[in-house]
1. Taking a quarter of the surface of the convex hull around the Cα atoms of segment 284-384, what do you get in nm²?
2. Less than 30 Å apart at the alpha-carbon level, and either on another chain or at least 8 residues along: which lysines does that give for residue 620?
3. Taking the square root of 5 times each eigenvalue of the Cα gyration tensor, what semi-axes in Å does the equivalent ellipsoid of the chain have, largest first?
4. Angle, helix 113-124 long axis vs. longest principal axis of the chain, Cα atoms, 0 to 90°, nearest 10?
5. Compute the accessible area per residue over segment 594-676, keeping the other protein chains in place, probe 1.4 Å, unit Å².
6. Projecting each Cα onto the charge dipole of segment 284-384 (Lys/Arg +1, Asp/Glu -1 at the beta carbon, about the Cα centre), which of 290, 339, 317 comes out farthest on the positive side?
7. Counting only protein heavy atoms, what percent of the accessible surface of segment 142-280 is carbon or sulfur at a 1.4 Å probe?
8. What is the calculated FRET efficiency for residue 395 to residue 434, with r their C-beta to C-beta distance and R₀ = 30 Å, to the nearest 0.05?
Amino acid sequence: MNTYEARNVRNVLLAGHGGAGKTTLLEAMLFASGRITRMGTVEDGTTVSDHDPDEQKRQISVSLAMAPVEWKGVKINVLDAPGTADFVGDLRMAVRAADAVIIVVSAVDGVEVQTEYAWELAVEEGLPRAIFVNKLDRERADFQATLDQLVATFGTQVAPFELPIGAEHAFEGVADLLHETADRYPSGPIAQESPWPEELHAVADPAREKLIEAVAESDDALIERYLEEGTLPEDDIVRGAKEGFARARLAPVIVGSAARAIGVDRLLDFIVEEFPSPLERPPIRVTGPNGDEERACDPDGPLTAYVFKTVSDPFVGHITMFRVFSGRMRPDSSVHDATQGADERIGQLFTLVGKEHEPVPEVPAGDIGAVAKLQHARTGDTLCTKDRPVQLPPIELPEPLLAYAIAPKTKGDEDKLATGLARLRDEDPSFRVARNEETHETVIYGMGEAHLGVQIERLQRKFGVAVDHRPAKIAYRETLRGKAKGHGRHVKQTGGHGQYAICDIEVEPLPRGEGFVFEDKIFGGAIPQQFIPSVEKGIVRTMAEGVISGNPMVDVKVTLVDGKFHSVDSSDMAFQIAGSLALKEAAEAAGVVLLEPIVRLSVVVPEQFTGDVMGDLNAKRGKIQGMEPIGGGKQRIDALVPQAEVARYVIDLRSMTGGRGAFTMTFSHYEEMPAHLAEKVIAEYRQAREEAQKR
Ligand SMILES: Nc1nc2c(ncn2[C@@H]2O[C@H](COP(=O)(O)OP(=O)(O)O)[C@@H](O)[C@H]2O)c(=O)[nH]1
Ligand SMILES: [Mg+2]
């Protein structure tokens, strides 16, 4: 692969709802450019981009992939992002590596959840956005309805630059509103151009008027001229369109069918002519030891590269994909990972064409490349020079929404599991791993069932460790209902070294959140000073284990009021045991209640789903705290809900709202659990304990 100067590079991200046709579009681009001689299909698992076995099995993209498309002397680095909510992590990280976004929309399904999410991400990142209306060859494809939805959802900056010629099975080409030409595809992906057919003027003329109006509205000087003259000269339209797009004030709509490679060559032309090169993007902001600074796209500037994806590869170990913003990445060199604070050895550089590696001599500013076998680099890291260490601002990722406890199927696989989990976590920042010492579980957190399902399969396929998984345990708490006394007697004196310890305690509940208080009210040396901490230790250990459900006991005051000791047989351990026995007896007398964690849920849904969501939250023992409109036809509902009821909320909300809802969940406080539900938790604990004892 040749090296391209930045002015001849385009970094383009394909984003949009799953199934809209992003992967097929990249396939069609590679086909139109002659890179591949035959198009693969998602159904056959033969596309360049969906090369991962998980993707071929599910026929969806689950991780970001890329391929360079060389077109008319320009290299277009096309990033193909997953389109399902479970895999937003990759999309979120990839946005920063791009200079413009193409939102792919199906003309059959219209604007969908992830269409809006992709648009919002591009707006947040200040990236120019174009829209490719795809699947116009499909039955029930409706360009006008899709366009109306796009304008209704994203505003009047959405402007058609093309119209389809023919519809559904008769879809045959594209009418260019800017240049007033018609392109048809009698054979292959390259258009045959002709003037507009007569019958097209009826729809194309008004559409062209609308386009001129949208271009005018994208620029103050142009709108003035437009209002004066009622139109704009050709040059102004073409220049205004390019600038309006580059300044993200105009979102051009391009049309086609990726599966039939119709309109794809035109899209490539549009990218080359209208999309900004890295030189036309604002400099990147970084933070260094001397504060913030800007770094422009200059191959002779200090190295600044951003790692937007890492992949574990069965053959070469680890692949790191990066975008260079300033300087050059050179092979056989040493760079500094400012995020990890570690040096990295850069070996052979290459560009990725799906899973294929194509060597490149270097990766200069503005371009995207890859390297294998880095030791420390993780997705989101900044690579730079050691003498001028800087970092790009961290990217905020949505909080993981689903938690599974996992354990290796085979005893002895713990190390393999730990290695695999660490690798998967390095690759995917939206995937979290934690060891819960309280429940003794290894817990993985992800964006949904598909996300965690894929990670579990990768553990098996890439790291050779099979795991069992189940919902992560809820961190319940125990506390006391009332006051009571407890007597702990541990006496074993049957010859030889005996054990002797007796203690008497009084227990009482404390207000929520007050923790544990131990008071020593021993008089007259009933228990020698050195054994009083032993009693407390025994009590604290038993509280940590819980007395009825295996969950820690909290918010309790224990007063040590009396006891007995033996000058020989009393010991630290004996009094620990006596303390523990006293607590168990007192707790039983006082009554133990289970506390459940309550979370604060903030759910955002389109208005039409408010009733269902509220009803569901009520059924989940939720307490609605408030509801307010937040614009865009959406409502935010705040509620306090028992965590146990919403452990799988990501799945429930998606099924209630067709994936149109989003939520955040944060721990709020503990509350007493209704007795009938507490009994279930206790029964489950007892059963699990019995089974564990049998094993
Ligand atoms: N008829 C038709 N089907 C398409 C077109 N583009 C994609 N598809 C099909 O739509 C499905 C989803 O495509 P895919 O490229 O995986 O979408 P992605 O999830 O956005 O990457 C696959 O079955 C494709 O074959 C198109 O232009 N026309
Ligand atoms: Mg895909």
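1. Result: 5.9 nm².
2. Straight-line reach from residue 620, under 30 Å: 473, 634, 680.
3. 61, 29, 23
4. Between the helix axis and the principal axis of the chain, the angle is about 80 degrees.
5. 46
6. Farthest towards the positive pole: 317.
7. 52
8. 0.90
The values are calculated or read from the model by the stated rules, or taken from the named source; none is laboratory data. Bear in mind that the values here come from a model prediction, so they are computed numbers and not experimental data. All Cβ positions, even for glycine, are placed from backbone atoms using ideal geometry, and neighbour counts span all protein chains on display. In case anyone asks, the SASA skips ligands and DNA or RNA and just uses the protein heavy atoms, side chains included. Shrake-Rupley method; radii C 1.70, N 1.55, O 1.52, S 1.80 Å.
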